[in-house]
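Coordinate-derived values only; no laboratory data. The structure displayed is predicted, hence computed values, not measured ones. Here the Cβ positions follow ideal geometry from the backbone for every residue, glycine too, while neighbour counts run over all protein chains shown.
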Amino acid sequence: MAALLAPSAFLDANVLFSAAAGSRETACGALLDLCRHRLLHATTSAAARDEAERNCQKKLPPNALSELRQVLDNLVEILPDPPDAMLQAVQGQAHDKDLIHLATAVQARCLFLVTKNVRHYHPRPDCTITVYDPEEVIRRIRRALYTLDRVEFADPPRGDEPASL
């Protein structure tokens, strides 16, 4: 059986910063836990990484920057900058400083973009990206878990039968 790939999510700088600053009980921390368990594939841009690192250096204790870098090294794929054509394709769908994030996420075919600044993004209906704040992503995951067919889990495997996923 082929392994299922985890859905890709683009994490904005403010999500990365919040994950470095906060506890694992926050929505941003929970998203990183999903990445640790390979249930979500986190991506970001070099620009978002740099912004998160600058904000950590300015606003948080020194250990937060090393925590952020550990997260970036182990859990987040840094995507290449999108071509100019992709930046032009998403023109007007985000604040100017956020265009690179939207273009990077679209170019990488991410399922969604996670940011605490949802109001900065206005993707057109034909855009392949949905923009959510971290709490909404967690709410949607919870809702999806509630819809699982409970019958699948009713009878545990017996003897040498492999558990089916």
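What 222 nm value per residue comes from the helices of the chain, counting each DSSP H run with n ≥ 4 as -39,500 (n - 2.57) and dividing by all residues, nearest 500 deg cm²/dmol? Display every interim value, and only then the final one.
Values: 7 runs with 75 residues, N = 165.
About -13500 deg cm²/dmol.
Please state the Cα pair-distance histogram of the range 8-147 with 10 angstrom bins from zero: what percent is in each bin?
13, 45, 33, 9, 0
Count charges around residue 33 for me, please; just the other residues with Cβ under 12 Å from its Cβ, Lys/Arg as +1, Asp/Glu as -1.
Values: positive: 24, 36, 38; negative: 25.
Taking every other residue near residue 33 into account, the sum is +2.
If you filter the range 29-110 for trypsin sites (Lys or Arg not before Pro), then keep DSSP loop positions with at most 13 other Cβ within 10 Å, what is left? Can you show the working numbers first?
Details: sites: 36, 38, 49, 54, 58, 59, 69, 97, 109; in loops: 38, 109.
Those that pass, being in a loop and sparsely packed, are 38, 109.
How would 32, 16 line up from fewest to most surrounding beta-carbon atoms within 10 angstrom? Mind showing how you got there, number by number?
Details: 32 22, 16 27.
Going from least to most buried by this count: 32, 16.
Across bins of 10 angstrom width beginning at 0, how are the C-alpha pair distances of the range 1-41 distributed, in whole percent?
Going out from 0 Å in 10 Å bins, the range 1-41 shows 30, 49, 15, 5 percent.
For the residues 132, 146, what sequence is obtained by ranking on other C-beta atoms within 10 Å, fewest first? If you can, show how the numbers build up before the last one.
Working: 132 18, 146 8.
By the 10 Å Cβ count, ascending, the order reads 146, 132.
How about the range 1-90: which GluC sites (Glu not before Pro) there lie in a loop by DSSP and see at most 16 other Cβ atoms within 10 Å? Write out the running numbers ahead of the final one.
Values: sites: 25, 51, 53, 67, 77; in loops: 25.
Sparse-neighbourhood loop GluC sites (Glu not before Pro): 25.
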